[in-house]
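Below is one structure; the comments refer to it alone.
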Amino acid sequence: MRIDLHTHSTASDGTTPPARLMTLARTEGLDVIALTDHDTVSGLGEARAALPDGLLLVPGAELSCRADGVSLHLLAYRFDEAEPMLVTALQRLRESRVGRAEAMARSLEAAGTGVTWAQVQSLAQGTVGRPHLAMALVERGLVPTVADAFTPEWIGTGGRHWVDKVELDVFDAIALVRAADGVSVFAHPGADARGETVPDPTVVAMADAGLAGLEVDHVDHPPATRERLRALARRLGLVVTGSSDFHGDNKAVRLGESTTSPDEYEALLG
Ligand code: AMP
Ligand code: FE
Ligand code: FE
Ligand code: ZN
């Protein structure tokens with residue numbers, strides 16, 4: 001059983017359409033795939049309609065959250081997609097992203113990059129995010145790859161053309177997911193190359209609030225971080241997941257590069 005519990009499609013900042021992602025999952029030998037686009041479930045319909053034989057789709061989303069001023073991502077799985085409070089929260093997050101992306105595009109335009117808001121809008125087919133601004137910078141020849149735009153000179157956190165976005169308080173988010181009968185996993189909790197991460201006491205409080213798991217095996221976690229997080233998960237009785245966080249051409253990682261063991265999957269979603 002090969003299980004990948006964190007992937008993105010064109011419904012957010014991935015470059016693979018949901019239907020194509022399902023086909024690719026089978027080609028890569030996956031048995032279970034979760035589609036977890038940022039702040040949206042809008043890719044799930046297309047994914048479900050294109051599901052190949054032998055592949056199980058876990059519906060999900062990756063929620064933009066904050067704890068003590070630190071941004072973090074919460075993976076939510078198999079929740080009621082029509083639950084009104086959650087629907088409203090996701091809509092608010094997406095709407096705030098539009099104004100924020102426009103402000104970033106205008107900042108880049110004012111700096112003479114040639115990037116325009118219209119260009120960014122045409123690159124984003126779903127939830128707009130910084131990767132779409134990065135793609136615009138690549139199109140204009142200002143950076144060689146999407147990853148190269150995540151620097152202080154461009155759109156890295158706190159950077160020259162970076163603008164903050166609305167995020168859910170993570171404890172509210174955990175409660176919303178539970179109220180919608182879903183389960184939540186803390187995504188890449190130790191990805192400190194991207195920005196500040198939360199301290200262990202916050203993870204303990206999240207576990208007390210109903211968090212179900214920690215994403216331990218992730219490309220942004222060096223071996224020592226994985227061991228630290230595995231021990232923390234064991235201590236707190238949390239499920240340990242591994243996933244690719246596939247974003248198509250926007251990141252170097254391959255689909256199924258990290259996976260979740262069948263036992264841990266059973267404990268989380270069985
Ligand atoms: P946003 O949620 O709009 O602030 O954008 C965050 C997204 O940017 C993440 O979900 C990643 O997809 C992407 N990202 C963040 N840091 C990097 C990086 N160093 N290289 C490539 N993509 C990144
Ligand atoms: Fe992303
Ligand atoms: Fe994430
Ligand atoms: Zn992700």
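The values are calculated or read from the model by the stated rules, or taken from the named source; none is laboratory data. Small disclaimer: the values here were computed from a predicted structure and weren't measured. As a convention, Cβ positions derive from the backbone with ideal geometry for all residues, glycine included, and neighbour counts pool all protein chains shown. These accessible areas exclude ligands, DNA and RNA; they are computed on the full protein's heavy atoms, side chains included. Shrake-Rupley method; radii C 1.70, N 1.55, O 1.52, S 1.80 Å.
For the chain, state the semi-axes of the equivalent ellipsoid (square roots of 5 times the eigenvalues of the alpha-carbon gyration tensor), sorted largest first and rounded to whole angstrom. Write down the numbers at each step before the final one.
On the way: eigenvalues 158, 90, 66 Å².
The answer is 28, 21, 18 Å, longest axis first.
Net charge around Gly256, counting only other residues with Cβ within less than 12 Å of its Cβ (Lys, Arg = +1; Asp, Glu = -1)?
Working: positive: Arg2, Arg26, Arg254; negative: Asp4, Glu28, Asp31, Asp217, Asp245, Glu257.
So the environment of Gly256 carries a net charge of -3.
Send over a whole-number figure in Å² for the accessible area per residue of the chain, probe 1.4 Å. If you can, show how the numbers build up before the last one.
Working: 11210 Å² over 270 residues.
Spelled out: the 1.4 Å probe surface of the chain, per residue, equals 42 Å².
Separation between the Gln91 and Val166 pseudo-spin-labels, each 7 Å from Cα along Cα→Cβ, expressed in nm?
1.1
Nearest-5 percent of antiparallel DSSP beta bridges in the stretch 1-151? Could you put the intermediate results ahead of the total?
On the way: 8 of 15 bridges.
Taking every DSSP beta bridge within the stretch 1-151, about 55 percent pair in antiparallel fashion.
Quick one: which residues, 5+ away or cross-chain, put their amide H under 5 Å from the amide H of Gly14? H built at 1.01 Å from N.
Here the answer is Ser9, since their amide H atoms fall under 5 Å of that of Gly14.
Between the helical axis of 223-236 and the dominant principal axis of the chain, each derived from Cα atoms, what acute angle in degrees is found, rounded to the nearest 10?
50
Working out 0.36 nm times the residue gap between Leu236 and Asp263, then minus their Cα-Cα distance, what length gain in nm do you get to one decimal?
Details: separation 27, 0.36 × 27 = 9.72 nm, distance 1.71 nm.
So the chain would gain 8.0 nm between Leu236 and Asp263.
Before rounding to the nearest 500, sum -39500 (n - 2.57) across all DSSP H runs of length at least 4 in the chain and divide by the residue total; then give [θ] at 222 nm in deg cm²/dmol.
Numbers: 9 runs with 101 residues, N = 270.
Counting only the DSSP helices, I get -11500 deg cm²/dmol.
What nm distance separates the two modelled labels at Glu153 and Asp192, each placed 7 Å from Cα along Cα→Cβ?
It is 2.7 nm.
If I take all pairs of Cα atoms in the stretch 216-270, what percentage of them are more than 13 Å from each other?
Everything past 13 Å amounts to 63 percent.
Quick check: the angle from helix 170-179's long axis to the longest principal axis of the chain, C-alpha only, nearest 10 degrees?
Between the helix axis and the principal axis of the chain, the angle is about 50 degrees.
How tilted is helix 84-110 with respect to the longest principal axis of the chain? Cα atoms for both, answer in degrees (0 to 90, nearest 10).
Between the helix axis and the principal axis of the chain, the angle is about 30 degrees.
Let me check I've understood the local charge: for Gly270, count other residues with C-beta under 14 angstrom from its C-beta, Lys and Arg +1, Asp and Glu -1. What total comes out?
Details: positive: Arg78; negative: Asp31, Asp263, Glu264, Glu266.
My count for the surroundings of Gly270 gives -3.
Can you work out the Karplus-derived ³J(HN,Hα) for every residue in the stretch 60-77? Use 6.51 cos²θ - 1.76 cosθ + 1.60 with θ = phi - 60°, whole Hz, and x for glycine or proline.
Computed from phi, the couplings for the stretch 60-77 are x, 7, 10, 8, 6, 10, 8, 9, 6, x, 9, 6, 8, 10, 10, 7, 10, 10 Hz.
Whose amide H sits under 5 Å from the amide H of Leu56, counting only residues 5 or more places off or on another chain, with H placed in the peptide plane?
When sequence neighbours closer than 5 places are left aside, the close amide H contacts are Val32, Ile33.
Take peptides 63-72, 80-89 and line them up by average Cβ neighbours within 10 Å, highest first, as a rough protection proxy.
Going by the mean number of other Cβ atoms within 10 Å, highest first, we get 63-72, 80-89.
What residues qualify as long-range amide H neighbours of Leu63, i.e. H under 5 Å apart, gap of 5 or more or another chain, H built at 1.01 Å from N?
Asp39, Leu74, Leu75, Ala76
So how do 14-22, 143-151 stack up, highest first, on mean other-Cβ count within 10 Å? Can you show the working numbers first?
Numbers: 14-22: 21.7, 143-151: 16.7.
The packing order, highest mean first, is 14-22, 143-151.
Could you list the trypsin sites (Lys or Arg not before Pro) in the stretch 171-270 that lie in coil according to DSSP, counting only those with at most 14 other Cβ atoms within 10 Å of their Cβ? Walk me through the intermediate numbers first.
Working: sites: Arg178, Arg194, Arg226, Arg228, Arg230, Arg234, Arg235, Lys251, Arg254; in loops: Arg194, Lys251, Arg254.
Those that pass, being in a loop and sparsely packed, are Arg194, Arg254.
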